[in-house]
Amino acid sequence: MVRHSKLQKQVLSLYRQFLRAGQDKPGFLPRIRDEFRENSRLKKTDVMHIEYLYRRGERQLEQLKDVNTKQLGTFSKSRET
Amino acid sequence: MAAVCTASRVLTKKVLTAKALPAVCQSSSRKFHFSIYGNRDANNAKVSDGISTQYPVVDHEFDAVVVGAGGAGLRAAFGLSEAGFNTACVTKLFPTRSHTVAAQGGINAALGNMEGDDWRWHFYDTVKGSDWLGDQDAIHYMTEQAPAAVVELENFGMPFSRTEDGKIYQRAFGGQSLKFGKGGQAHRCCCVADRTGHSLLHTLYGRSLRYDTSYFVEYFALDLLMEDGECKGVIALCMEDGSIHRFRSKNTVIATGGYGRTYFSCTSAHTSTGDGNAMVTRAGLPCQDLEFVQFHPTGIYGAGCLITEGCRGEGGILINSEGERFMERYAPNAKDLASRDVVSRSMTIEIREGRGCGPEKDHVHLQLHHLPPQQLATRLPGISETAMIFAGVDVTKEPIPVLPTVHYNMGGIPTNYKGQVINYSPEGGDKVVPGLYACGEAGCASVHGANRLGANSLLDLVVFGRACALTIADICTPGEKLSPLKPDAGEESVANLDKVRYASGSMRTSEIRLNMQKTMQNHAAVFRTGSVLKEGCDKMDAIYQTLDDIKTFDRGIVWNTDLVETLELQNLMLNGVQTIHSAEQRKESRGAHAREDYKDRMDELDYARPLAGQEKKPFEEHWRKHTMSNVDVKTGKVTLKYRPVIDHSLNEEDCTHIPPAIRSY
């Protein structure tokens, strides 16, 4: 079977950390899942982009773990009929 | 679905195209609805069909939030952290890039290293410099705290220039005198060669790293979260990933700086856009004394870069085309070290009367080549380089071409001497707005009144930054429970953001900004006339209306500088209309506001003549009062009220207040 590359393992580890960190604070999990699913569409060869998103994700994870971050909500505009 | 995603869209949710809203309003006037999970439940990731645009909002809770990380913001932030408060510092720039870094001159403090000195003489100079529009209790507070503040900075490690015996070198600066104006020039300005602001900011930044303040860098603060007249936090846009963040806290400190960019030619950075003043205006609170805009006498002709007043302090002189030191005629005692507004006006008069230098006779010269080159190299290295780069001039051989340029805003968010933001009503007097504080150039305590003395601004930053931290430590305790906030607080800011992001009118942001800057430069300059101001007011009102017709090009949410510049333009416009309307209404000349049609100062008594037998004019008939301006954001209409000046000091035995007198240098 095709093993994960180092970068893939890093991304998966980040995803795991995010899921763990987002468990106790309302609203984060759906968005974490959506972001990772969306960005999983990137080609494996687009390393620059993946690394940029990974670095950004690390910063966002730090912020999520911070005790002062409380919840994630959404402002949504309804589509007009 | 193709795997190709453009860089700007990959990192956010898929944004479905927003249909245009129909002419008929929907049942709720609010366009955005807040929910924790969007339109799905906690576990199910399915998105409902009814959503067209979504903005994720992260909520944070802190004990105190400081907006702005310049001199005042950093001092307030680590002062609060030192007192044990859980503090967040929200800034749109990295702290060491704030405009404080560009300050050159120095900090005034009555340390008495060059000759005997007393802070009460500094108090007198500041009150006189403000043309008796400054609140004397705040000035008393600032000048009394000055020596302690400078010693504290020195203990933080700020590398002041030193005298031969190792004490802090103090240079002469504009408007500073000894013995209440009768003892000649005072040497009171502590400096670091001519890069004091740079050293100050880097020292404060280094010091702030010792404390556990949370920095939110490159977060653009959109608005205050106000509920029932109380400030409960700030809502900000993270520029890096386009998410919205709400910072809930009991105490918010605004230290966002001035708004020099309303003018075409200014010494300020492109980021000086008056965001704090605009946030307060949108919250329905007044701004104070915005018509007082300081024109620094020596900004490089053409480039607008600043040449510090310290040059004149070290012995530089201003000369006209005839080689005459013209300041001797306008200010016989202080000459080139008169107060900045006096010097700017003198330069403008010389140019107007045809004695300007250069082929178009539209600037004057600042001569430094008569000073020993070694002194120029030790005390003024920065401006030597600036003059070479921006004017192509070698200061040891040729004079620098200079022109009065917009430099500082004396006005801002009205506060008391403790740094608490106040609202004024004639019946109730000053009323504190709970939870909101302001310091630095964004605040108006008011220590500078109608004109600021050089080197008082850096002092203002550290003293009132610390004062805000001390006041908050006095009133609140760390870890207090936050009062509840409506779940959809900040909805209008997000709606505005969305509107600007998808704006498709006909005028670009840069066009509208240029129109505004040219109008302000032509109509509200050093000398102002009633008819020209009125024309400027009408033009500014028209330009304000064109904001509805704005066009932006970048529809993304990540690093959308088009969006941020447009939000900054909205902030600049609010500041600009208040400035020009307040200037048009003030029918007198005071400090930096000089009217050709009303050349004199109009106080409650005529201080040019003996006071005995004079009757005090009623409040409505004289102009020794603060302007409080409000704007109706939808229509752009400015309403003005007036608030009396505080004439008593904090402690009359310690320091008697200075009664108004004729201001001459």
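Values quoted throughout were computed directly from the atomic coordinates according to the rules given, and no laboratory measurement underlies them. On a predicted model such as this, the values are computed, not experimentally measured, just so you know. In this analysis, Cβ positions are derived from the backbone assuming ideal geometry, glycine residues included, and neighbour counts consider all displayed protein chains.
Remarks
- Which listed pairs, of B:Lys599/B:Lys637; A:Lys70/B:Lys481; B:Lys499/B:Lys634; A:Lys70/B:Lys232; B:Lys92/B:Lys481, have C-alpha distances above 19 Å, in listed order: B:Lys599/B:Lys637; B:Lys92/B:Lys481
- B:Glu230-B:Thr546 FRET efficiency (beta carbon distance; Förster radius 30 Å; 0.05 resolution): 0.30
- Gap separating the Cα centres of the range B:631-653 and the range B:215-254, nearest whole Å: 26 Å
- Estimated vicinal HN-Hα couplings, Hz - the range B:260-267 in sequence order (Karplus 6.51, -1.76, 1.60; Gly, Pro = x): x, 6, 6, 9, 5, 10, 8, 8
- Check: the range B:521-634 dipole with +1 on Lys, Arg Cβ and -1 on Asp, Glu Cβ, in debye: 400 debye
- Distant-in-sequence amide H partners of B:Ile317 (H built 1.01 Å from N, under 5 Å): B:Gln367
- Rounded, prolate or oblate (a/c below 1.5 giving rounded, otherwise prolate when a/b exceeds b/c) for the range B:76-123 by Cα gyration tensor: oblate
- q = 0.06, 0.08, 0.09 Å⁻¹, the protein assembly as shown: log10 I(q)/I(0) [Debye, one scatterer per Cα]: -0.38, -0.66, -0.83
- Computed FRET value (nearest 0.05) for B:Glu115 with A:Tyr52, which takes r as the C-beta separation and R₀ as 60 Å: 0.55
- Under the shape rule built on the C-alpha gyration tensor, where the axes satisfy a ≥ b ≥ c, chain A is oblate, since a/c reaches at least 1.5 while a/b does not exceed b/c.
- Gap separating the Cα centres of the range A:17-81 and the range B:384-416, nearest whole Å: 46 Å
- Contour minus Cα-Cα distance for B:Gln375 and B:Glu240 (0.36 nm per residue): 44.0 nm
- The ellipsoid equivalent to the alpha-carbon distribution of the range B:408-529 has semi-axes of 31, 27, 14 angstrom, derived from the gyration tensor eigenvalues as √(5λ) and listed largest first.
- Residues with amide H under 5 Å from that of B:Gly233, placed H, sequence gap 5 or more: B:Leu225, B:Ser249
- When the charge dipole of the range B:425-485 is built from unit charges on Cβ atoms (+1 for Lys and Arg, -1 for Asp and Glu) and taken about the Cα centre, the candidate among B:Ser425, B:Ala450, B:Cys468 whose Cα reaches farthest toward its positive end is B:Cys468.
- Sequentially through the range B:553-558, phi angles give Karplus couplings (6.51, -1.76, 1.60; θ = phi - 60°) of 10, 8, 9, x, 10, 8 Hz, Gly and Pro residues having no value and appearing as x.
- Highest average packing first - B:284-295, B:500-511, Cβ atoms within 10 Å: B:284-295, B:500-511
- Here the 3J(HN,Hα) profile of the range B:393-399, calculated from phi with Karplus coefficients 6.51, -1.76 and 1.60 at θ = phi - 60°, is 10, 8, 5, 7, 10, 10, x Hz, Gly and Pro shown as x.
- Under 5 Å from the amide H of B:Cys89 lie the amide H atoms of B:Val66, B:Ser214, B:Tyr215, B:Phe216, each residue being 5 or more positions distant or on a separate chain, with H modelled from the backbone and absent for Pro and chain starts.
- Residue ranges B:322-335, B:244-257 sort as B:244-257, B:322-335 when ordered by packing (mean number of other C-beta atoms within 10 Å per residue, highest first).
- Counting charges near B:Tyr424 (Lys, Arg +1; Asp, Glu -1) among other residues having Cβ under 14 Å from its Cβ returns a value of 0.
- The charge dipole of the protein assembly as shown, taken about its Cα centre with unit charges on the Cβ of Lys, Arg, Asp and Glu (plus for the first two, minus for the last two), comes to roughly 2700 debye.
- Total charge dipole magnitude, chain A, about the Cα centre, Cβ charges on Lys, Arg, Asp, Glu only, Debye to nearest 20: 260 debye
- Inter-chain neighbour count for B:55-65: the average number of beta-carbon atoms from partner chains within 10 Å of each residue's beta-carbon is 5.
- Reference-scaled alpha-carbon Rg (2.2 N^0.38 Å with N residues) for the range B:456-511: 1.98
- Dividing the C-alpha radius of gyration of chain B by 2.2 N^0.38 Å, with N its residue count, gives 0.97.
- Partner chain coverage, peptide B:31-37 - average Cβ within 10 angstrom: 6
- Spatially, the range B:141-166 and the range B:522-581 are offset by 40 Å when compared through their Cα centroids.
- Peptide ranges B:413-419, B:582-588 listed from the most packed, as the mean C-beta count within 10 angstrom indicates: B:413-419, B:582-588
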